[in-house]
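Undergrad: So that we are looking at the same thing, I have put the structure below in structure tokens.
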Amino acid sequence: MLDFDLLSEVNRAYGQDMGDAVLKRAASIVLSVAPSPRLVFRYGGEEFVLLAEAHNAEARGLAETVRAEIAAQNGLIPAVTVSCGVAEVGARRTLGGARPRRLRPSRRQALGTQPRGRGRAHLSR
């Protein structure tokens with residue numbers, strides 16, 4: 001789960017079109033760095049979900065790569081960061097069989113990283 005830190009401030013300062021451009025650019029970054037098979041979709045106003053076949057350590061590394069790539073775009077787009085939460089769905093499930101309720105731990109992790117500092121990746125235990 002990727003939660004954009006302070007995207008609402010980008011929308012207020014530059015307008016909704018710029019906020020949309022930030023989200024589109026971020027989506028292209030996620031698609032370029034996440035290995036196949038993967039599913040990427042928007043899950044609310046400022047959140048994306050990335051489902052990839054990876055174990056916890058690999059998934060956390062992927063989240064960190066996505067986070068760093070988005071942060072590296074600052075200058076090309078208004079400065080934004082993302083907070084990432086990582087949770088493992090389970091070895092017996094495939095991407096098509098993931099249950100939506102399993103997104104909750106990664107969402108809590110993404111949102112929970114923000115008070116400790118934005119622009120972080122956190123692994124759900």
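Undergrad: Keeping to the range 1-59, report how many residues are acidic (Asp, Glu) and free of Cβ contacts under 8 Å to residues at least 24 places away in the same chain. Spell out how you get there, then give the answer.
TA: Restricting attention to the range 1-59, the residues satisfying the condition of being acidic (Asp, Glu) are 3, 5, 9, 17, 20, 46-47, 53, 58.
If we keep only those that are free of Cβ contacts under 8 Å to residues at least 24 places away in the same chain as well, we get 9, 17, 20, 58.
Total meeting the criteria: 4.
Undergrad: PRO35 fails exactly one of the following numbered conditions: (1) surrounded by fewer than 14 Cβ atoms within 10 Å (Cβ to Cβ); (2) part of a helix (DSSP H, G or I). What is the number of that condition?
TA: (2)
Undergrad: Which of (1) surrounded by fewer than 20 Cβ atoms within 10 Å (Cβ to Cβ); (2) at pLDDT below 85 is the odd one out, the single condition LYS24 does not satisfy?
TA: (2)
Undergrad: Check LEU111 against each of (1) surrounded by 14 or more Cβ atoms within 10 Å (Cβ to Cβ); (2) touching an Asp or Glu at 6+ places or on another chain (Cβ under 7 Å); (3) at pLDDT 60 or above and name the one condition it does not meet.
TA: Only one criterion in (1) surrounded by 14 or more Cβ atoms within 10 Å (Cβ to Cβ); (2) touching an Asp or Glu at 6+ places or on another chain (Cβ under 7 Å); (3) at pLDDT 60 or above is unmet by LEU111, namely (3).
Undergrad: Another question about this same structure. Residue by residue through the range 1-32, note down the ones that are among the aromatic types (Phe, Trp, Tyr) and assigned to a helix (DSSP H, G or I).
TA: Applying the first criterion (among the aromatic types (Phe, Trp, Tyr)) to the range 1-32 yields 4, 14.
Residue satisfying the conditions is TYR14 alone.
Undergrad: Right, next: Of all residues being surrounded by fewer than 21 Cβ atoms within 10 Å (Cβ to Cβ) and closer than 12 Å to ALA26 by Cα in the range 68-77, which is farthest from the chain's Cα centre (by Cα)? Just the residue, please. Quick ask: steps written out before the conclusion?
TA: To start, the set of residues in the range 68-77 that are surrounded by fewer than 21 Cβ atoms within 10 Å (Cβ to Cβ) comprises 68-69, 71-77.
From the residues that got through so far, the ones that are closer than 12 Å to ALA26 by Cα too are 68-69, 71-74, 76-77.
Values: ALA68: 11, GLU69: 11, ALA71: 12, ALA72: 15, GLN73: 15, ASN74: 16, LEU76: 19, ILE77: 17 Å.
Step by step, filter the range 68-77, then rank; the result is LEU76.
The values are calculated or read from the model by the stated rules, or taken from the named source; none is laboratory data. None of the values given here were measured: they were computed from a predicted structure. FYI the Cβ positions are ideal-geometry reconstructions off the backbone, even for glycines, and counts take in every protein chain you see.
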